[in-house]
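What follows is one structure encoded as structure tokens, with my remarks underneath.
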There are 2 protein chains.
Amino acid sequence: MSDNDLQQRAINTLRFLSADAVQQANSGHPGLPMGAAAMAYTIWTRHLRHNPRHPRWPDRDRFVLSGGHGSALLYSLLHLTGYDLPLDELKHFRQWGSRTPGHPEYGLTPGVETTTGPLGQGFANGVGFAIAEAHLAAEFNQPDGTRINADERGKNIIRVHPRESASHIIVDHYVYAIVTDGDLMEGVASEAASLAGHLRLGKLIYLYDDNHISIDGPTDLAFTEDRAKRFDAYGWHTQIVPDGNEVEAIDAAIRAAKQYSRPSLILCCTTIGCGLPTRAGTSKAHGEPPGEEELRIAKEKAGWPVEPKFYVPEDVLAHFRETAARNSQLESEWQSRFDAYRSAFPEKAAELERRLSGELPKNWEAGLPAFPADAKGLATRAASGKTLNALAAKIPELIGGSADLAPSNNTWLEGYPAFQAAAPQGRNFHFGAREHGMGAIVNGMALHGGVIPYGATFLVFSDYMRAAIRLSALSHIPSIWVFTHDSIGVGEDGPTHQPVEHIAALRAIPNLVVLRPADANETVAAWKVAIARRDAPTALILTRQSVPTFERFNVQTCNVERGAYVLADIGDKEPELILMASGSEVALIMDAGVRLAAEGINVRVVSFPSWELFEKQDSTYRESVFPRRVRARLAVEAGIAQGWEKFTGTDGAVISIEHFGASAPAKILFEKFGFTVEDIISQARSLLNMRAD
Amino acid sequence: MSDNDLQQRAINTLRFLSADAVQQANSGHPGLPMGAAAMAYTIWTRHLRHNPRHPRWPDRDRFVLSGGHGSALLYSLLHLTGYDLPLDELKHFRQWGSRTPGHPEYGLTPGVETTTGPLGQGFANGVGFAIAEAHLAAEFNQPDGTRINADERGKNIIRVHPRESASHIIVDHYVYAIVTDGDLMEGVASEAASLAGHLRLGKLIYLYDDNHISIDGPTDLAFTEDRAKRFDAYGWHTQIVPDGNEVEAIDAAIRAAKQYSRPSLILCCTTIGCGLPTRAGTSKAHGEPPGEEELRIAKEKAGWPVEPKFYVPEDVLAHFRETAARNSQLESEWQSRFDAYRSAFPEKAAELERRLSGELPKNWEAGLPAFPADAKGLATRAASGKTLNALAAKIPELIGGSADLAPSNNTWLEGYPAFQAAAPQGRNFHFGAREHGMGAIVNGMALHGGVIPYGATFLVFSDYMRAAIRLSALSHIPSIWVFTHDSIGVGEDGPTHQPVEHIAALRAIPNLVVLRPADANETVAAWKVAIARRDAPTALILTRQSVPTFERFNVQTCNVERGAYVLADIGDKEPELILMASGSEVALIMDAGVRLAAEGINVRVVSFPSWELFEKQDSTYRESVFPRRVRARLAVEAGIAQGWEKFTGTDGAVISIEHFGASAPAKILFEKFGFTVEDIISQARSLLNMRAD
């Protein structure tokens, strides 16, 4: 039997395993797996450096199936190459409790590098992988293992493989992806592609499954741009493989891609649902089970046994597993290199191991800023900037940037260069006005490991990147989102720039901790929560305008990590009224509380920076902050009320903004929209059935 | 005095009026107005067909300032050309109550065609304008006024001006925009640009203010792609104007752009903050007041009087106002053409007038589907498809489409072609996998008028287009959003495709009505609400899976328009328990209610499709649905609870999903996640302090 025949049967195994899984589930997407099987085969058997028995090998190549709907293909690859994914899991594709969900989920299935399905995200995650790789390579490879400098704009300069020629190359991997029409149409991928070209991320090798079919029908209906030319304009190296079933041609293109210091897009012309007798090349092949009859004929045409289903020829399995053996050899070689590296650079090696393990540096919390009480105070974005810089000095893996708002977001790490093609050691990122791309790239960096990434923009523009924020939460990855300019406090920029619903909308995302600190010291504590939270994302919500630094606050006792806490009980007796607020409005309830107490009312003032953290506390703590018997409760937040009712209860009230903002100085807006001490006092009095005088 | 001198002083007037406004406000963005003044001058005095005394002239050219932060430039233009925007408004730039907010707001200031500021949105709105123009031209111009067919791909075929040569051309206008680096970096603009190129929207003429400066610093930091090449790849016609202060060169480029049947991007090399002595060409010019001294020197260098501020030379004002006179002549000519058109095609003319007035056709509500009671029922997306098609037959201006999910969203209008370059009369849109672009394009169509547009995708992907949804609400425009696959009912596609927080997140947006109908007849009623709502957007939230059609429901009495209503009071006495739900969960509470009533409990079942509509009802109605004395209240929604507490109260409860979904058949997910009749009964019993047996 010729190698060629084995190869063809290996590809058909991918096709029919995938199709059988979809057919058995009576749900799923056969089109991509059947069309892109040869592309996947070529990457996985000829290029991908990985070890199925050790999926977390740090220097493995990353593979991203950006068109996550083709998950059956990925599961087939994982099974065949020897990951811990038995054939039974494929038989339970898309079923409750399986590790083979409809779209690949990071953390659930070994070998799945990122959660994909929402189009364009995987594409951009890969850019984050490549950034992390380049950064760690620059930081750790020794002594001459750094990248070549960026080649001149517009030229395809041949890579000189400096890493291979250097002695201590321990970070050096590629990022492969299969991307689809849908990915290329999505703006998030366009943003990431533009940045990847700018940054000359040569380790990106993306294969485009150019099958000319979208869900609505032929791509000609909506997508006739010159894709290769567009990516060329971004600064990518582009190639076209006229027949995406030709393993040698794909292989040659990948090998060529590796020679260039630009990111590569290889356009592979394929047929969706390749092999299906009536559905191949049609949109019906995309997302519907083929049907028993269609699948039977497809198998017969391919000379494939109709039964048993989930058929894996022994020699095909052996062929795939052989790659596993070859790959574990690659890891062994890497391990030897790493051992030599450790001998030569023990501190560097220990540092890299620490970073990759996700362990924070010792004493990272020590020496963070503490802010003295100050009625004038400072903006929490400013306190955040100081805290971030203090953290950055302690935590070298803390890197990130802003979507072209660094001076406003206060996210620049002073004294460190920007990450650029010629400076991959840089810790500051200019993401450009590309919020969504930033979000997905930051997720990719977090998924890669070895770095703790953050991304920043105005809170109102969290809308632009919401799909990426959601995926960080769904994937349990520790992306840190910094959102400044958090209310009508934005002032003159007006309603387009004033978030009123965004805090609520972010609180809506499961598994995301939203933290809106009230002053500078709460901001320090909020950053500590974000950094310590290594298994899920955190959003920091920060003011543009100054807020007082409270007298009784300090970093040790401000209890931000419990989500809500008693800032002050004012009065001689048990509280009869609870005022609660987050962020800039805490200063208002504090003042109101003092004034109400002067009238003889016993007032509790609660600072409430995070609903999610508070709801994780035990009922004793929750009751200690909000005793059941105190029904007069007033929440104050310069945003919509939605959800506060849970804490204020039926007899409470919320001072909120249920409409869009306006353009005027912030102070005037707070007055006009009812956010003054007087408004709070008045509302509190009516809650207590007192007559306002 | 030479024309050239007058022209230069007119441009300087734009610069210094804008700079004075920013300086007086001590807030704002002088950089764009000063850099792009010559571009704006050229468009507004040499090309823009508009009538400042009649800003709503339907066939006016549209002007979009996509970089809305440069609002002072737009306000200066509006004032100088004679719109109802007195100089005093410029003096109150960014102040409470002015019509000159920080970013341009549609509906607030005459002549502002769209609300801009969030980058990329205006770019994409303009694409929507051009689509509406092409569609109305195809529908109404007579007899040979239709578009030329799309030219061959890749060729720049000279436009043959068929509209001008035909006799009855009443829809024929351009869309001009000034776009910025930020716009071009945003994915939403990339998506819209790709679609505009595909659709060959030749009426788009965009001038790119290529000033090489972003907020973080030089664009070289993050944006080095070949912009012209990228747009060329999209199918645009591109030109470069090396000096963006050269009126003749800009003018020539615009004239050339008009000759081509492709959308045009004219890259104008400019200097941000042009004229400022120390800040010109730096990012400090972007978003900070120049300062008195900087501005003084700038004026002196330009030979401009330092005082008075807001100086408008008389001859400059006369020059701008002269264009107004010329333009009202253009409108008169158009009016004559329209009168002749009305004589020749009275029905067509009346129809166009009706559409442009926003008035719906008579009897549009008659003959909509009514669905008989049916325990099996149908998916609300299917009922929506039938309703939409019935509406489309009655309402010819109803047009729209899906982001490559038409077969799943059930949004195809049967019997009508797709809108394409060669078929601008088409009413169906293939937006491609470009949700964000779709959102902003639909907004542009709605802003243009003459059409009632809708855009559709899966509910989970509303995240991708959230910024556009927000702007539809902020702008009070009647975009209709159709979101199907509204819960874990999505089933096997898994958590990436299952919205759990999206209904809450949409409800968070002020001025957006979110409607989640419970069955087929509520779906009909929901569409009627959406169509009738001509001053704000509506989001329809629809199931993938079948839901029963209720016996007691019919289109006349189901009261969807009141937001919540009593579906059934079951039992002999006043209700002691209220069950409430939206969408697919109403069937569950109905069944639970019947079973609880059989146990002797008096149960009220409330269908609650829309919080926003319910909260608009008077207190009598609200009390009639939720009597204060009934404290045992249970809400059931297959999404997060956030906000339901407002209706259930402190003594109530919510059956919700506070985590992401999973991949499995929908029925299993509902069971596993606690959405069964038994779960509801059990929870209701504990609310009533009854022991579950």
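Between A:S624 and B:R255, take the C-beta separation as r, use R0 = 56 Å, and let me know the FRET efficiency to the nearest 0.05. Present the calculation step by step, with values, prior to reporting the outcome.
Values: r = 74 Å, r/R0 = 1.32.
Efficiency, rounded to the nearest 0.05: 0.15.
Protein chains only, probe 1.4 Å: how do A:E353, A:E397, B:E359 rank by accessible area, largest first?
On the way: A:E353 80, A:E397 5, B:E359 105 Å².
Reading off the accessible areas and sorting them downward yields B:E359, A:E353, A:E397.
Once all protein chains are placed together, B:W364 keeps about 20 Å² accessible to a 1.4 angstrom probe. A Förster radius of 45 Å, combined with the Cβ-Cβ distance separating A:R562 from B:K91, puts the computed FRET efficiency at roughly 0.35. In this rough spin-label picture, where each label sits 7 Å from Cα along the Cβ direction, the B:E300-A:R533 distance is 5.4 nm. Residues of region A:174-198 falling in the label zone of A:H54, defined by backbone nitrogen less than 15 Å from a point 7 Å along Cα to beta-carbon, are absent. For A:V64, nonlocal amide neighbours, meaning residues 5 or more places apart or on other chains whose placed amide H falls under 5 Å from its own, are A:Y176, A:A177, A:I178.
Orientation-averaged projection of the protein assembly as shown equals 51.2 nm² [convex hull of Cα atoms, one quarter of hull surface area]. In terms of Cα atoms, the Rg and Dmax of region A:415-537 work out to 14.6, 41 Å. Between the amide H of B:L567 and those of B:V605, B:V606, B:S607, distances stay under 5 Å, these residues lying 5 or more places away or on another chain, with hydrogens modeled in the peptide plane. Here, region A:9-90 is characterised by an Rg to Rh ratio of 0.95, where Rg is the alpha-carbon radius of gyration and Rh the Kirkwood radius. Count Lys and Arg as plus one, Asp and Glu as minus one, and take only other residues whose Cβ is under 9 Å from that of B:W304; the net charge is then +3. D for region B:189-297, whole µm²/s, Stokes-Einstein with Kirkwood Rh over alpha-carbon pairs at 20 °C and 1.002 mPa s: what number? Roughly 141 µm²/s, to the nearest whole number. Rolling a 1.4 Å probe over the heavy atoms of the protein chains gives the protein assembly as shown an accessible area of 31 Å² per residue.
Helix content alone sets the calculated 222 nm mean residue ellipticity of the protein assembly as shown: runs of n ≥ 4 DSSP H residues at -39500 (n - 2.57) each, divided across all residues, give -12000 deg cm²/dmol.
The shape of region A:397-442 can be summarised by an equivalent ellipsoid whose semi-axes, obtained from the alpha carbon gyration tensor, come to 16, 13, 9 Å from longest to shortest. Only protein heavy atoms count here; on that basis, with a 1.4 Å probe, B:S610 has an accessible area of about 0 Å².
Taking the DSSP bridge list for the protein assembly as shown and keeping only pairs wholly inside it, about 20 percent are antiparallel.
Remark: region B:614-620, residue by residue, has Karplus-estimated 3J(HN,Hα) of 5, 6, 7, 6, 6, 5, 4 Hz, where x stands for each Gly or Pro and the curve is 6.51 cos²θ - 1.76 cosθ + 1.60 at θ = phi - 60°. Once all protein chains are placed together, B:L78 keeps about 0 Å² accessible to a 1.4 angstrom probe. Computed on protein heavy atoms with a 1.4 Å probe, the accessible areas place A:F431, A:F371 in the order A:F371, A:F431, largest first.
For the pairs A:K528/B:K646; B:K229/B:K284; A:K348/A:K394; A:K362/A:K528, flag any whose C-alpha to C-alpha distance is greater than 23 Å.
Values: A:K528/B:K646 33 Å; B:K229/B:K284 29 Å; A:K348/A:K394 16 Å; A:K362/A:K528 14 Å.
With Cα atoms farther than 23 Å apart: A:K528/B:K646; B:K229/B:K284.
Chains A and B together bury some 8100 Å² of accessible area, summed over both sides, with a 1.4 Å probe. Note that region A:207-219 has calculated 3J(HN,Hα) couplings of 9, 9, 7, 8, 9, 6, 10, 10, 5, 6, x, x, 4 Hz, one per residue in order, obtained from phi through the Karplus relation 6.51 cos²θ - 1.76 cosθ + 1.60 (θ = phi - 60°); glycine and proline are x. Go through B:F608, B:V625, B:S663 and say which Cα lies farthest out towards the positive end of the charge dipole of region B:604-664; charges sit on Cβ, +1 for Lys and Arg, -1 for Asp and Glu. Going by the charge dipole, the pick is B:V625. Taking a ≥ b ≥ c as the square roots of the eigenvalues of the Cα gyration tensor, region A:237-297 is classed as prolate, since a/c reaches at least 1.5 and a/b is larger than b/c. Each label point was placed 7 Å from the Cα along the Cα-to-Cβ direction; for B:A373 and B:H212 their separation is 7.6 nm. Would you kindly work out, in nm and rounded to one decimal, the distances from the label point of B:E322 to those of the same position in each other copy, ordered shortest first, with label points 7 Å along Cα-to-Cβ? Nearest to farthest, the other copies are at 8.4 nm.
What does the charge count near A:G571 come to, summing +1 for each Lys or Arg and -1 for each Asp or Glu among other residues with Cβ under 11 Å from its Cβ?
Details: positive: A:K573, A:R604; negative: A:D569, A:D572, A:E574, A:E576, A:E599.
Overall, the nearby charge balance is -3.
Rounded to the nearest 20 debye, what is the charge dipole size of region B:452-535 about its Cα centre when +1 sits on each Lys and Arg Cβ and -1 on each Asp and Glu Cβ? Can you show the working numbers first?
On the way: 7 positive and 8 negative charges, 93 e Å.
I would put it at about 440 debye.
Beta bridges per DSSP, both residues in chain B: antiparallel share near 20 percent. What length, rounded to one decimal in nm, is gained on full extension from B:I668 through to B:N26, with 0.36 nm per residue of separation minus their alpha-carbon distance? Stretched fully, the B:I668-B:N26 segment lengthens by 225.1 nm. Is the shape of region B:496-611 rounded, prolate or oblate, going by the alpha carbon gyration tensor and its root eigenvalues a ≥ b ≥ c, with a/c under 1.5 for rounded and a/b larger than b/c for prolate? Taking the square roots of the gyration eigenvalues as a ≥ b ≥ c, region B:496-611 is prolate. Across all directions, the average projected area of the convex hull around the alpha carbons of chain A is 31.9 nm².
About the Cα centre of region B:81-124, how large is the charge dipole given +1 on each Lys and Arg Cβ and -1 on each Asp and Glu Cβ? Please answer in debye to the nearest 20. Display every interim value, and only then the final one.
On the way: 3 positive and 5 negative charges, 29 e Å.
Using only the charged Cβ atoms, the result is roughly 140 debye.
Placing +1 on the Cβ of every Lys and Arg and -1 on the Cβ of every Asp and Glu, with no other charges, gives the protein assembly as shown a dipole of roughly 240 debye about its Cα centre.
Residues whose amide H lies under 5 Å from that of A:F429, counting only those 5 or more places away or on a different chain, are A:G400, A:G401, A:S402, A:F419; hydrogens are built 1.01 Å from N in the peptide plane.
Using a cut-off of 11 Å between beta-carbons, work out the net charge of the residues near B:I680 (Lys and Arg +1, Asp and Glu -1, B:I680 not included). Within the 11 Å Cβ shell, the charges total -2. Comment: the Cα-to-Cβ extended label point of A:I240, at 7 Å, lies 2.5 nm from its counterparts in the other copies, nearest first. Across the identical copies, the label point of B:A340 (7 Å from Cα in the Cβ direction) is separated from its matches by 8.6 nm, in order from shortest.
Annotation for region A:636-693: GluC sites (Glu not before Pro) lying in DSSP loop with at most 12 further Cβ atoms inside 10 Å of their Cβ do not exist. Heavy-atom accessible area with a 1.4 Å probe sorts B:D216, A:D210, B:D339, largest first, into B:D339, B:D216, A:D210. In chain B, the beta carbon lying closest to the axis that superposes B onto A belongs to the residue given here with its whole-angstrom distance, B:G187, 1.
The values are calculated or read from the model by the stated rules, or taken from the named source; none is laboratory data. What you see is a predicted model; the values in this text were computed from it and never measured. Virtual Cβ from ideal backbone geometry, glycine too; neighbours counted across all protein chains shown. For accessibility, only protein heavy atoms count, side chains too; no ligands or nucleic acids. Shrake-Rupley method; radii C 1.70, N 1.55, O 1.52, S 1.80 Å.
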